[in-house]
Amino acid sequence: MTRTVLIEEIKSDNSLKIRKWVKFFVWKIAIATLLLMAVGSATRVMNAGLACPDWPLCYGQLVPTKQMNLQVFLEWFHRLDASLIGISTITLLIISCWFRKQLPKWLPWSAMLALMLILVQGILGGLTVTRMLRFDIVTAHLGTALLFFGVLVVMAVSLSPPLEVKSESNLHWVGLPVTFLIYIQCLLGGLVGSRWALHQCLEESQLCTVMNSHIIGVIPTTLGVLSLVFMVWRNQNIHSSLKKLVWLAGGIIMCQVFLGIATFYLRLQVEPLTITHHTIGVILFGTLVALTTLAIRSVPRKNNFPSVAHKL
């Protein structure tokens with residue numbers, strides 16, 4: 001009996017180590033994806049989307065040393081980072097299948113979903129170049145990247161043990177729609193950038209509907225995040241980890257509003273400011289995805305689930 005218990009403890013310890021390592025690997029892919037979207041934003045803002053006229057190579061080379069300048073480097077590095085993320089996602093799928101007995105049953109399916117999204121993303125990336133930056137393809141490219149990033153965040157958070165809370169906070173009921181609103185707002189921001197809607201509206205009174213939709217979208221997204229802050233402020237029983245994420249989201253939305261106003265009045269002329277605005281938006285989206293996932297997986301202590309939660 002003692003030997004059996006010892007074997008089970010060793011297996012449990014190995015499973016925990018594998019789980020922690022996989023979670024770390026998923027977070028690394030998620031951070032790389034965030035950086036990829038930042039570089040993609042820089043590529044768009046710096047008019048470098050067609051710096052490499054062919055695809056998947058750049059000027060027919062893996063490394064276009066002779067043609068290399070800032071614009072070519074941005075587009076080339078964007079593709080390089082995307083390739084590395086694709087390889088990492090394939091590796092994640094292989095690992096999740098190989099260690100499927102030590103990992104949650106949902107992980108291989110989630111890894112497969114992530115791989116499907118990265119394949120679609122690669123196709124859209126190629127079409128972005130071959131179709132000469134057509135705005136609908138560029139927007140779909142951004143939307144798929146956000147979905148891929150969101151799936152990675154959900155996977156990483158779900159690989160951690162559920163929080164043991166005093167009572168249900170109901171944060172997820174607000175977090176879900178607010179996360180969706182932030183997703184739409186990010187797409188609208190990308191659409192404004194890809195169609196240069198701000199310049200066309202201010203100079204030629206064209207595409208004002210696109211620009212105004214993004215501006216109006218600030219209201220529900222800001223109110224949604226602030227409602228989460230209000231819920232945390234009123235309920236002292238909410239777990240500290242959830243509180244930290246809500247406070248972080250509140251700080252980010254205030255920073256994002258300020259950056260948006262500055263970007264508008266400077267008419268997108270300050271590239272680092274515009275890139276920061278786009279990147280902070282993605283960080284806000286990821287924060288809300290993590291918050292909502294963590295809130296959904298919270299386990300009330302009154303149900304006497306601590307031992308089960310630890311095993312999850």
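The values are calculated or read from the model by the stated rules, or taken from the named source; none is laboratory data. Just so it is clear, the structure is predicted and the values come from calculations on it, not from any experiment. Glycine gets a Cβ as well: all are built from the backbone with ideal geometry, and neighbour counts include every protein chain shown. Surface accessibility is based on the protein's heavy atoms, side chains included, excluding ligands, DNA and RNA. Shrake-Rupley method; radii C 1.70, N 1.55, O 1.52, S 1.80 Å.
Computed values, structure above
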{"read-out": "Residue count, region 11-37 (criterion: touching a Ser or Thr at 6+ places or on another chain (Cβ under 9 Å) and more than 19 Å from Thr89 (Cα to Cα))", "value": "0"}
{"read-out": "Set Gly286, Gly281, Gly250: member being buried (at least 18 other Cβ atoms within 10 Å of the Cβ), touching a Cys at 6+ places or on another chain (Cβ under 7 Å) and assigned to a helix (DSSP H, G or I)", "value": "Gly281"}
{"read-out": "Residue, modelled with the highest pLDDT, within region 63-100, restricted to residues that are closer than 22 Å to Ile18 by Cα and in a loop (DSSP other than H, G, I, E, B)", "value": "Phe99"}
{"read-out": "Qualifying position, being small (Gly, Ala, Ser), surrounded by fewer than 14 Cβ atoms within 10 Å (Cβ to Cβ) and on the phi > 0 side of the Ramachandran plot, among Ser205, Ser240", "value": "Ser205"}
{"read-out": "Candidates Leu133, Leu127, Leu159, filtered to the one that is without any contact (Cβ under 8 Å) to a residue 24 or more places away in the chain and either surrounded by fewer than 16 Cβ atoms within 10 Å (Cβ to Cβ) or over 16 Å from the mean Cα position of the chain (by Cα) (or both)", "value": "Leu127"}
{"read-out": "Residue identified as open to solvent by 50 Å² or more (accessible area, probe 1.4 Å), of a type outside the set (Asp, Glu) and either in contact (Cβ under 8 Å) with a residue 60 or more places away in the chain or not assigned by the TED database to the domain that holds Leu181 (or both) among Leu147, Leu103", "value": "Leu147"}
{"read-out": "Any hit, region 163-170, residues being over 25 Å from Leu34 (Cα atoms), among the basic types (Lys, Arg) and either at pLDDT below 95 or in the same structural domain as Arg297 (by the TED database) (or both)", "value": "yes"}
{"read-out": "Residue that is least open to solvent (accessible area, probe 1.4 Å), among those in region 208-230 that are under 16 Å from Ile261 (Cα atoms) and small (Gly, Ala, Ser)", "value": "Gly217"}
{"read-out": "Search result, residues across region 14-57 that are closer than 24 Å to Glu271 by Cα and outside any helix (DSSP H, G or I)", "value": "Met46, Asn47, Ala48, Gly49, Leu50, Ala51, Cys52, Pro53"}
